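Only one structure is covered here, and it is reproduced in the block below.
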Amino acid sequence: MKGIPFWRRALLTVAAPVAALIFAVLMSSIVLVISGSSPVQAFSDMFSHASRLETMVDILNRATPLYIAGVAAAIGFRMNLFNIGVEGQFLLAALIAAHLGAMVVLPPVLHVLFILVIAIMVGAAYSGFAGVLKVTRGVNEVISTIMLNAIAISGLVAYLVREWQAGGAIEPGSAQRVGTAPIAPSGLLPDLNTIVEVFTREIRQGKQLTGVLVVAIIVGIGYHVLVNRTRFGFDLRASGINPFAAQVGGVPPKRMVVIAMTLSGAVAGLVGMTEIMHVGFFPANPIRGLGFTGIAVALLGRNHPVGIVFAALIFAFLDVSSGVLQFTGAASREIVVIMQGVIILAAVVAYEIARRAREKEEARAAAEALAVAA
Amino acid sequence: MSRLANLPAWLRWGLYAAVGVLLLTVVQGFDNTDRLTSVTSSQSMLRWAIPILLAGLGGLYSERAGVVNIGLEGMMILGTWFGAWGAITFGPWWGVVAGIVGGALGGLLHALATVTFGVDHIISGVAINILAPGITRFLSSEILTTIPGGSITQSPRVPGVGSVTIPFLAGGNIGGWSSPDVLGWLGGQGWFFISDAANLAKGLVTRVSWITVLALILVPLTAWLVWRTRFGLRLRICGESPAAGEAQGIDVYRYKYIGVIISGALAGLAGAFIVSPELSGIYLEGQTTGRGFIGLAALIFGNWRPFGVLGGALLFGYPFGVGLRDLDGSASHSLILVNAIGLAAVSVWALRRSKRGDAALAAGLSALFAIWYFSTDVVPDVWINILPFVIVLLVLIFFAQRLRPPAADGLPYRKGQT
């Protein structure tokens, strides 16, 4: 990309997501106006609510699993693999990890690691299976991960929760649902409230900043180092950009596919840890949709470790702040869901437009350079 | 074997279906049940297969034009909402129209993103799948809550378009005269295989919704339209080699748009069918349950051909249909044996083609299923829920490599590129 001034490149990179955000805000405002609400009121309500410390804790708690899910999807995206199955992988991983974690009591650090490792392994296996299917049987990973997702969501998770219900398996069809057996306190990551309260005032309303935030930060740093600073990461990116060239350069394509899918699933397994560590068991009604939103977060963040941070924060902000809309009555809270969808669509379109603009710039700069030289 | 491949598609799939019916009959006799080929099972199978069929046909139009449409699920969701709202507000047939339009709008969005802006097809599809439930949820909170009986997550009851029983084959009425029930008579005779086939066939023509009839007509219609008309040829060129199409002066963008919009419309029709009383009679949040994706699987299974999609849809709809009415789990238990025998047949087929690895895998899975069948009497009801998806995976595992998608499927295309 020689010849284009750095500031122009930076501008083009940032312009796309910002333009997408502005477009999404505009579209949502139009929808709000049509439905009789005031967009100004709605947005100001959301922002003022978000400036409270407790809400920020909520946003961070929500952003943590979204970030991990985003990284999981991004690992796949870097290799042009679409791991749509993050949802099923994290549910299954969290369930099995909670169940097994409740059966043992280990010294605190070991116990936590035990649970995390199980979650990673389950997620890796479930996703790696789809990768193996792709390289050995030629099954498109989009369909296979979606099917595995459906298997997990439509029955397997609910069935296993019933079987492993705390206090013995309950009869199918019975209304009483709680979750798996509680994990001993040695297995739960402590919350970060004490650290935060050093800098700010006391956190009220019983809100706890999840310790999984530390895990998310580690995952993010690990992702950056792995993809950008190791030979494996180079192979990964090369396979994604031009698989044939990568193969000629010595990267075994089939092995890369399986490793990438496995890695993606491994990270996906950690997504459910926030909820597990918070309540101490796997509830019968876990938070749903994190997997698909994670895909959206990865798209918005352009698979970049820092970009995904911002994307996760934005989506978390929208999720959490929509609650206040119900309080104030400024708008129906579903507008937030539309906003998220529009952001995604607008973002991918904007990235594409930016890419085309950059290509034109490159071509022009190259032509100029050639004309000067000639 | 090559003679088989030379038969016309509908005849070939008819033969496969006959073999399938034979398998079911044998297992039924072994298990002493009649649930596998009963008329009610067949009716349920058809009801479940129609949304899958419509989604798969939608995928066919889109992918034959070269655009992968993962967003069928989202377009189906739009179809469910608009279908329910249209039927409640204006009348049953308007509901169908509204569902089609709703899905088509989703298709338009997908076409805009992929064709005009060149966004990756799968990403755009995923984005639409995220956007669609949000839109319907918002529309529900604004509109459905104002209708008595409606809420954010569901609508009041949806009026239906009515059903028809085909005369002669199943004793339908022609102008008040009750025609003889040929299939019913055949089914009641208790003849091995023939009666079972008759029962299954009768289920396909008894009290079927007009939407079902429409969907079934669309299958040969699509076969004719896409393979025997100039429009279809041009559509397919865009999916196989858009550069060649452009060289001939075809507006590649226009045909891609048409293909994707039609696919959205068909997915929307599937949604309208789901909310019709034929299936659920109500709009419920999250009621599509992945049938858009199963439709894609049916498309792949059917090798991107209409009768293949129909075969795939019936195949994937069958476990849904049987499981729904299977209160004691015995029919699902029998299906395990069907799986085992089917996999054994796949193993033999693979051996004949000298594919040792495939044969070993199929034989191994067949043995697993057989062991499971003989060691239990009932299956946990979770199996009924996940069996269709397992079957999709099994089918794809063994047959995905024999299939040929359109050559330029999924590739973004810009005018002027070679």
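A few points about this structure:
- Failed item in (1) touching a Gly at 6+ places or on another chain (Cβ under 7 Å); (2) touching a residue at least 60 places away in the same chain (Cβ under 8 Å); (3) closer than 16 Å to residue B:377 by Cβ, with residue B:335 passing the rest: (1)
- If you filter the range B:196-236 down to residues that are in contact with an Asp or Glu (Cβ under 8 Å, 6 or more places away or on another chain) and among the polar types (S, T, N, Q), you find that the one that is surrounded by the fewest Cβ atoms within 10 Å (Cβ to Cβ) is B:209.
- Selection status of residue A:144, within 14 Å of chain B (Cβ to nearest Cβ), small (Gly, Ala, Ser) and free of Cβ contacts under 8 Å to residues at least 60 places away in the same chain: yes
- Apart from one condition, residue B:401 fits all of (1) surrounded by fewer than 19 Cβ atoms within 10 Å (Cβ to Cβ); (2) more than 16 Å from residue A:138 (Cβ to Cβ); (3) within 12 Å of chain A (Cβ to nearest Cβ); the exception is (2).
- Lone qualifier among B:130, B:152 - being of a type in the set (A, V, I, L, M), touching a residue at least 12 places away in the same chain (Cβ under 8 Å), over 30 Å from residue A:354 (Cβ atoms) and facing another protein chain (nearest Cβ under 8 Å): B:152
- Residue within the range A:343-354 that is away from chain B (no Cβ under 14 Å) and at pLDDT below 85 present: no
- Candidate set from the range B:25-41 (those that are assigned to a helix (DSSP H, G or I) and in contact with a Gly (Cβ under 8 Å, 6 or more places away or on another chain)); member that is nearest to residue B:331 (Cα to Cα): B:41
- Verdict on residue B:406 being surrounded by 14 or more Cβ atoms within 10 Å (Cβ to Cβ), touching a residue at least 24 places away in the same chain (Cβ under 8 Å) and more than 9 Å from every other protein chain (Cβ to nearest Cβ): yes
- The residue pairs whose first member lies in the range A:59-72 and is more than 10 Å from residue A:86 (Cβ to Cβ) and at pLDDT 95 or above, whose second member is not charged (D, E, K, R) and not in a helix (DSSP H, G or I), and whose beta carbons are closer than 8 Å, counting only pairs six or more residues apart or on different chains, do not exist in this structure.
- For the range B:267-306, the set of residues classified as assigned to a loop (DSSP other than H, G, I, E, B) and among the aromatic types (Phe, Trp, Tyr) consists of B:283, B:304, listed by residue number.
- Pair list, Cβ under 7 Å, 6 or more apart: the range B:113-124 residue touching a residue at least 40 places away in the same chain (Cβ under 8 Å) and more than 7 Å from chain A (Cβ to nearest Cβ), other residue among the small types (Gly, Ala, Ser) and buried (at least 21 other Cβ atoms within 10 Å of the Cβ): B:114/B:124
- Residue B:316 vs. criteria touching a helix residue (DSSP H, G or I) at 6+ places or on another chain (Cβ under 8 Å), part of a helix (DSSP H, G or I), within 13 Å of chain A (Cβ to nearest Cβ) and within 22 Å of residue A:152 (Cα to Cα): yes
- Helices (runs of 4 or more DSSP H) wholly inside the range A:24-142 that include at least 2 residues being aromatic (Phe, Trp, Tyr) and buried (at least 18 other Cβ atoms within 10 Å of the Cβ): A:53-78, A:108-137
- Annotation note: of A:291, A:280, A:265, A:269, the sole residue that is in contact with a Ser or Thr (Cβ under 6 Å, 6 or more places away or on another chain) and under 21 Å from residue A:116 (Cβ atoms) is A:265.
- Flag not set for residue B:136, criterion: surrounded by fewer than 17 Cβ atoms within 10 Å (Cβ to Cβ) and modelled with pLDDT of 75 or more.
- Of all the residues in the range A:312-341, those that are away from chain B (no Cβ under 13 Å) and not β-branched (Val, Ile, Thr) number 8.
- Unique residue being in contact (Cβ under 8 Å) with a residue 60 or more places away in the chain and more than 26 Å from residue B:289 (Cβ to Cβ) when the list is A:125, A:119, A:98, A:94: A:119
- Tabulated pairs, the range A:233-244, first free of Cβ contacts under 8 Å to residues at least 24 places away in the same chain, second in a helix (DSSP H, G or I), C-beta under 7 angstrom, 6+ apart or interchain: A:233/A:226; A:233/A:227; A:235/A:246; A:235/A:256; A:238/A:245; A:238/A:246
- Residue match in the range B:210-232 (condition: of a type in the set (Val, Ile, Thr), out of contact with any helix residue (DSSP H, G or I) (no Cβ under 9 Å at 6 or more places or on another chain) and touching a residue at least 40 places away in the same chain (Cβ under 8 Å)): yes
- Qualifying residue in the range A:29-52 (condition: among the charged types (D, E, K, R) and under 25 Å from the mean Cα position of the chain (by Cα)): yes
- Of note, residue B:371 does not satisfy the criterion of being under 23 Å from the mean Cα position of the chain (by Cα) and more than 13 Å from chain A (Cβ to nearest Cβ).
The values are calculated or read from the model by the stated rules, or taken from the named source; none is laboratory data. Small disclaimer: the values here were computed from a predicted structure and weren't measured. Note: ideal-geometry Cβ built from the backbone for every residue, glycine included; neighbour counts use all protein chains shown.
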